[in-house]
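Report on the structure given below.
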Amino acid sequence: MEEDKPIRTVATNRKAWHNYEILEKYEAGIELVGSEVKSMRAAKVSFKDSFAVIKDGEVILLNLHIAPYDKATHYGHDPERKRRLLLHRKEIRKLHAKTEEQGLTLVPLSIYFRGPYAKVELALARGKRKYDKRAAIAKREADRDIRRATKYRSRSKR
């Protein structure tokens, strides 16, 4: 039934794909206040240096910047406050074990609305080394050159 609801992506963390090797993805709900929801619907979200930690059996999202809603009262929200992510207890235990043992980190990949609910796509990730990033860039450029060459070749045969 959840799959039937339309998904509207608000923001994606493009840097995460460059800086981390994504191992597993999870969908988590996010606990927000009213002005944050309004601001998210206006796509005023920044992922700069955001990550998640597991503390006291809860997953907390840190450094996610949701701009204050301009039409809210002067009692608006703190843009960089800690936000609790909603996952099943079994998933939290699994994530906690992997982050403790293997030195992995939790990184948000995107924020979206599934129906009326705000969701975060959370990834279990391993940080890339500088040479890994260079190799990924070289592979991407080589693939682009191959696509261009085949595109040019198919045009010249006409």
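For Ile22, Ile111, which order do you get if you count the other beta carbons within 10 Å of each Cβ and list the fewest first? If you can, show how the numbers build up before the last one.
Working: Ile22 13, Ile111 23.
Listing Ile22, Ile111 from fewest to most nearby Cβ atoms yields Ile22, Ile111.
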| query | Hey, what angle do you get for helix 89-102 against the long axis of the chain, alpha-carbon based, 0 to 90 degrees rounded to 10? | reply | 60
| message | Pick from Ala138, Ala97, Ala52 the residue whose mean-square fluctuation is largest in a GNM of the chain, springs joining Cα atoms under 10 Å. | response | Ala138
| request: At a Cα cut-off below 14 Å, give the aspartates and glutamates reachable from Lys151, other chains included and same-chain residues fewer than 8 away excluded. | output: Asp143
| request: Can you check how the C-alpha radius of gyration of the chain compares to 2.2 N^0.38 Å, as a plain ratio? | output: 1.28
| remark: Between the residues Pro108, Ala135, Leu23, the Cα farthest towards the positive end of the dipole of the chain, that dipole coming from +1 and -1 charges on the beta-carbon of Lys, Arg, Asp and Glu, is from Ala135
| request: Compute the separation of the alpha-carbon centres of segment 55-110 and segment 122-144 and state it in Å as a whole number. | output: 25
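Read-outs throughout are calculated quantities, based only on the coordinates presented, and are distinct from any laboratory measurement. Quick caveat, the model's predicted, so the values are computed rather than measured. With ideal geometry, Cβ positions are generated from the backbone for all residues, glycine too; neighbour counts draw on all protein chains shown.
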